1. Normalise the Debye intensity by I(0) for segment A:124-218, one equal point scatterer per Cα, no solvent, then take log10 at q = 0.17, 0.22 Å⁻¹ and round to two decimals.
2. Within the protein assembly as shown, what percent of beta bridges assigned by DSSP are antiparallel, to the nearest 5?
3. Taking R0 as 25 Å, what FRET efficiency do you get between B:D159 and A:T148 from their Cβ-Cβ distance, rounded to the nearest 0.05?
4. Please state the Cα pair-distance histogram of segment A:12-342 with 20 angstrom bins from zero: what percent is in each bin?
5. Starting from the amide H of B:V366, placed 1.01 Å from N in the peptide plane, find each other amide H under 5 Å away whose residue is 5 or more places distant or on another chain.
6. Tell me, what HN-Hα J-couplings in whole Hz come from the Karplus equation 6.51 cos²θ - 1.76 cosθ + 1.60 at θ = phi - 60° for each residue of segment A:193-208, using x for Gly and Pro?
7. From Cα coordinates alone, what are the radius of gyration and Dmax values for segment A:70-110 in angstrom?
8. More than 43 Å apart: what percent of Cα pairs in the protein assembly as shown qualify?
Amino acid sequence: MKSAKKFKLSNMSDTNLLLTITIVVFFLMYIGAMLFQGKGFLKAQTFFNILNANAALIITACGMSLVMITGGIDISVGGVAALVSMCCAVYLDYHGGNVFGAVLIALGIGLAFGIVQGLLVAYLDIQPFIVSLAGMFFARGMTTIVNTAPFNVANEAFIAVKETRVTVPGFGSYNKLGKYVPAYVEIGVIVALLVVILLFCMLRYMKVGRNFYAVGGNSQSALMLGINVRRTRFLSHLICSLLAGVGGFVYFMHVGSGSASHAMGMEMNAIASSIIGGTMLTGGVGNIIGTFFGVLSLSTIQNIVSSAGLDQAWWTGITIAAMLCIFLVVQSVVMARKKKALG
Amino acid sequence: MNGLKSIVKHLEKGVMVIAAAAVSMFILTACSASGQSPVKDSSPEAETEGEKEADADKSADQLVVVGFSQLGAESDWRSAHSQSIRSELTPENGFQLLFEDGQQKQTNQIMAIRTFIQREVDAIALAPVTESGWDSVLSEAKEAGIPVILVDRRVDVSDENLFECWIGSDFELEGKKATQWLHQYTESIDYPQDQLHVVNIQGTIGSSAQIGRSKGLRQACDRYGWDLMQEVSGEFTQTKGREVMASLLRLYPDLNVVYCENDNEALGAIEAIETAGREPGLDLLGGQILILSFDGMNPEALQYAREGKIACIAECNPQHGKRLADVIRRIREGKQPEKYSYVEEEIFSGCDAIKTLTVDGKEYPVTLLQ
């Protein structure tokens, strides 16, 4: 038995190993929630609600993972998302714009942040933490300049898009009035799944995807292999900010309002999700599917804590801290054992 | 070639893991989805049977399940508010309370309400963090037949029927009381009304308390000809209140009234005033700066009010629990509760110059702090 396990461990790549841990933990947790919390978690819609609430986080966390794989970090994503939500809200409400225009604004803001931050990080060799810290302050400040007061968007075309529900056949349930309620996801979830699949394929099958791992793993040897390190770094920040723009728009679709306090702390949740998902801050290791499950794990634990009646806010924080700790320890133990096995 | 092979192999493994996980997940959820209501799928008689079963369940477990989404725990007032609701909606009083803290995030609150809907609670109470963006989740609750009762802050929705009723403070009246106190006090010491230079340290922009209290101040400024120099947000916190006050003192050296939209801001403002070498107090003729504040929950602020550093505090009563329990009982009995109901609120001052206030033709006694 033991030898079989060792064989398996040593046969898997670091990324796949961490991914497996994440997925197993997520399912154990969810099944635990089903067994102990009962009622709510047994319904499929509870799971879809987790997706609905976290579509934006999934998208931004995917971008975050990409940057982290190349060894960088981007803490401006929450600010960018807030700026996008406010700009889109103002454009749709005061200037009577259409939804397509709002999407373009979201992408434009994301691209602009990506280009500036990417250039500063990749070509001027400034620490990504500092660059994105400045980016974060700038984005939050700009959001307040665009509009101080939070407000609802009344644009009909936008509300129609926002209210669109994609029903998932076969998972509906009866509410207490005896009415059948079909299970549904919001459009944002579809966007998030597309992003996950696209990024997964890019990292797995495309040369540029493998470059990200090479640069994050060891930029010196990547350079010697003829990989354009600067361009790869630039690209990772560009994609990350672009996804922050997309995530901001999905967030905006979820809440339907613009506010300077939107997406507060989203960058930290994105980092936590990536880490839970098996991405390493040191770079070179990570997986988009893991990030996806990382977000789900984070949200499930929040859900469990809050519905367990531990109503004080700090319990959520403490649980997440404990969970991060456990993940990090498990990750390092497993990696150490594997190294030993390879010996 | 070898490398490629191993990649393919790993890929297969990964896909297998995910597929297995997904399948187990689907089976679990599918089982539960079909297990939820096996009876209700079939004939009408079976349906009534199902309802009987549900009724039987209730008699065994008669507690009224209430989901409460609190917006956060940012101030003393908020903690007292949570405590009031928690101490009233107890099993002894016939309630089971599911309490969720939104941590100042609207998305958390939307998620909490959706969780309550999935758990099929009997009623939902919501203290919303902002006024905007609640349409869709409130209509989901309505579709599910769960009444939503708003507490404290209000929401800005297209259809008022999306919520059952609202319980809370009349923030505009609080503003009117505080300004009326200032008006009567300055009259009593013969201080000219047009010599009052007022700055407003507002609460979090867009919150009901900020909107109502700012409105009360603006009306009074228009009516009595006070000079409203600037309105700027202190976000209901002491730190921000201090920061804002310090810069206001630099900008407007002749200001003599500070209208703070909660006690925490007032505490910050007092620090800034004292640091700048000025004095907070009631002696306007002697160059002191008069401070008006709201809430009346913070012991330090109440102490300052006794000393006269804060001239008067308009109370914002956090004891919503009892009113909430009454409203839920009324809804359960099938009666229509009042759409907007206000809790009783006092006005505190350490100065006995003003005994009663007259606001909109109604008299309010001033509670003297000793």
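Every number in this text was worked out from the coordinates using simple rules, so none of it is lab data. Since the structure is predicted, the reported quantities are computational estimates derived from the model, not experimental observations. Methodologically, a virtual Cβ is constructed for each residue, glycine included, from the backbone with ideal geometry; neighbour enumeration extends over all protein chains shown.
1. Results for segment A:124-218 at q = 0.17, 0.22 Å⁻¹ read -1.05, -1.11.
2. That works out to approximately 25 percent antiparallel.
3. 0.40
4. Histogramming segment A:12-342 at 20 Å steps yields 31, 57, 11, 0 percent.
5. Close amide H contacts, sequence-distant or interchain: B:T356, B:L357.
6. So the Karplus estimates, Gly and Pro as x, are 5, 4, 4, 4, 5, 4, 5, 4, 5, 4, 5, 7, 10, 9, 4, 4 Hz.
7. My reading of the Cα-based Rg and Dmax gives 12.3, 42 Å.
8. The proportion of pairs with Cα distances above 43 Å equals 34 percent.
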